[in-house]
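What follows is one structure encoded as structure tokens, with my remarks underneath.
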Amino acid sequence: MKKTHFTPTLLVIAALVGACSSMPKTTSLLDQTRGDYMAAQNDPNIPSYAPLEMKQAGEALEQANAAARHNDSAEKIDKLAYLARQKIALTQEVAKQKSAEANVASAGKERDRIRLDQRTNEADQAKTSAEQSRLAAQVAQGETAEAQRKTQEAQARAAQLEAQLADLAAKKTERGMVITLGDVLFGTDLARLNPDGMRTAQKLADVLQQNPQRTVLVEGFTDSTGAAAHNQELSERRATAVRNALQEMGVARERIAIRGYGETYPVAANDTAQNRQLNRRVEIVLSDAGGKITQR
């Protein structure tokens, strides 16, 4: 029997042919599909937004790969690769859309949070404003009550002063309220207050003590009997006597001004004893509430 002998070259060729026949078949479309799948695997949005679609795409690709391993026809491999590629594209589109929706939702939540913060700030501001208004109202009420109290006190002081001045027989003039101490309150031709004069001075001192903002001007006058120089001196000494009495009763010296006018500024003719007695007097001018006195 004749034996067939194979050369080493033929053996190598046969091995290569066998190896080629055992390698899985591939196509350009399948290679592109595998590349698309790897790109999808690297997309960070797909695991979060399209995991099911990615699983289905992987299963479709595996079918194409299996057909390639089984050396199925190129037409079948491309058909399966095409289906896998479509599922990969769908997966990417779903992930893209859901990622966009998530971004919109996140933006909406951020807007809602900003609006909530704004409304909270507005509410806090309104609350603060209301509290400030309440405190302001309390302060205003307190100020109003204080103003009313001061007004009532001022009215009470005015009423008391009016009663005291009426007791002193004070008269309202262009210069203000004037209290007249007649000649009968002094010793005859003397510059010393008698007991009745001292009681009148005490009443005036009480008025000044209770109204510390007021001052007085004490003016002395005489009749025309006797020498003018004597009358001038006597008017000054009588004004001084009133000031000294007020000081002894607690009225500060700087609140008491004095003037002596002698026989000038008579209030009656010096033709009768009664009229001359009217001219012998001390007039006390009470200042206004600001301490101002209108001079002659």
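Each residue, ARG259 and ALA228, gets one label point 7 Å from its Cα in the Cβ direction; the gap between the two is 1.8 nm. Within the straight-line cut-off of under 26 Å between alpha carbons, the lysines reachable from LYS203 are LYS150, LYS171, LYS172, LYS292, sequence neighbours fewer than 8 places apart in one chain being disregarded. Comparing Cα centroids, the stretch 241-268 and the stretch 122-171 end up 37 angstrom apart. Once C-alpha pairs closer than 8 Å and six or more residues apart are averaged by separation and normalised to the residue number of the chain, the relative contact order reads 15 percent. For semi-axes √(5λ) of the Cα gyration tensor in Å, the value calculated from this model appears in (1) 60, 19, 15; (2) 29, 23, 19; (3) 135, 17, 13 under label (3). Counting lysine pairs in the stretch 64-119 whose alpha carbons fall under 21 angstrom apart, excluding pairs fewer than 8 residues apart on the same chain, gives 6.
FRET efficiency for the GLN213 to ARG237 pair, using the beta carbon distance and R₀ = 35 Å, is estimated at 0.75.
Quick one: compute the contact order of the stretch 155-296, relative version, from alpha carbon pairs under 8 angstrom and 6+ residues apart, as a percent. List each step's numbers first, then the result.
Numbers: 252 pairs, mean separation 46.7, N = 142.
Reported relative contact order: 33 percent.
Pair-distance distribution of the stretch 22-153: all C-alpha pairs, bin width 5 Å, starting at 0; shares per bin in whole percent are 2, 9, 12, 10, 8, 7, 5, 5, 4, 4, 4, 4, 4, 3, 3, 3, 3, 3, 2, 2, 1, 1, 1, 0, 0. The Cα center of the stretch 42-107 and the Cα center of the stretch 270-288 differ in position by 126 Å.
In terms of other Cβ atoms within 10 Å, SER235, SER224, SER28 run from fewest to most in the order SER28, SER224, SER235.
Using alpha-carbon pairs under 8 Å, 6+ residues apart, how would you state the relative contact order of the stretch 188-270 in percent?
Values: 119 pairs, mean separation 32.4, N = 83.
Once divided by the residue count of the stretch 188-270, the mean separation gives 39 percent.
Figure legend: label point modelled 7 angstrom from the Cα of ALA154 along Cα→Cβ; residues of the stretch 264-296 with amide N under 13 Å from it are 289-290. If you plug the beta carbon distance of MET198 and ALA147 into 1/(1 + (r/R0)^6) with R0 = 25 Å, you get a FRET efficiency near 0.05.
DSSP beta bridges fully contained in the chain are about 75 percent antiparallel.
We did not get these values from a lab; they are worked out from the coordinates using the rules stated. The structure displayed is predicted, hence computed values, not measured ones. With ideal geometry, Cβ positions are generated from the backbone for all residues, glycine too; neighbour counts draw on all protein chains shown.
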